[in-house]
1. Leaving out ligands, DNA and RNA but keeping every protein chain, what accessible area does Glu66 have, in Å² rounded to the nearest 10, with a 1.4 Å probe?
2. When the distances between all Cα atoms of the chain are binned every 10 Å from zero, what whole-number percent does each bin get?
3. Considering the dipole of the chain built from charges on the beta carbon (Lys and Arg +1, Asp and Glu -1) around the Cα centre, which of Gln54, Trp75, Val33 is farthest to its positive end?
4. If you average the sequence gap of Cα pairs under 8 Å that are 6 or more apart and divide by the length of the chain, what percent do you get for the contact order?
5. Quick check: at a probe of 1.4 Å, how many percent of the accessible area of the range 1-77 sits on carbon and sulfur atoms?
6. Would you calculate a helix-derived [θ] at 222 nm for the chain, using -39,500 (n - 2.57) for each DSSP H run of n ≥ 4 and dividing by the full residue count, to the nearest 500?
7. Mind checking the dipole of the range 2-82: about its Cα centre, +1 per Lys or Arg Cβ, -1 per Asp or Glu Cβ, Debye to the nearest 20?
8. With the other protein chains left in place, how much accessible area per residue, in square angstrom, belongs to the range 3-99 at a 1.4 angstrom probe?
Amino acid sequence: MPRIVFISADGERTEIDAAPGTTVLHLAWDSDVDIEGACEGSMACSTCHVIVDQASFERLPGLSEEEEYMLDLAWGVRPTSRLGCQIVVTDELDGMELTLPAETNNQM
Ligand code: FES
């Protein structure tokens, strides 16, 4: 099982063995990691914003136009920002580190 690491805005690490096929948003929900996901994955809120470590970011499929648009509206966006609801866990993402922004914007 790939291990996914969430890092809170104040540096606390939570390591989770994730089932491939789950999204980062659902993994966070199931593991009491503090990601809101207000629109439940329909790309309408950006409250699932995560900052991906560079190496893992390069392994992810590209962003859709909708994801790019939502990220433009998110708080604290970095070059490796993604929406957690759009990242599907795969074996190749073992060790992925996801930093949570200190704040989120809810566009809903
Ligand atoms: S949960 Fe709303 S955009 Fe991802």
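1. Roughly 110 Å² of Glu66 is accessible to a 1.4 Å probe.
2. 16, 55, 28, 1
3. The Cα lying farthest towards the positive end belongs to Gln54.
4. Taking the mean separation of contacting Cα pairs over the length of the chain, I get 42 percent.
5. Taking all protein chains in place, the range 1-77 shows 46 percent carbon and sulfur surface.
6. Details: 3 runs with 21 residues, N = 108.
So the calculated ellipticity at 222 nm is -5000 deg cm²/dmol.
7. About 240 debye.
8. 52
The values are calculated or read from the model by the stated rules, or taken from the named source; none is laboratory data. In this text, all values refer to a predicted model and were calculated from it rather than measured experimentally. Methodologically, a virtual Cβ is constructed for each residue, glycine included, from the backbone with ideal geometry; neighbour enumeration extends over all protein chains shown. Side chains included, ligands, DNA and RNA excluded: accessible areas come from the protein's heavy atoms. Shrake-Rupley method; radii C 1.70, N 1.55, O 1.52, S 1.80 Å.
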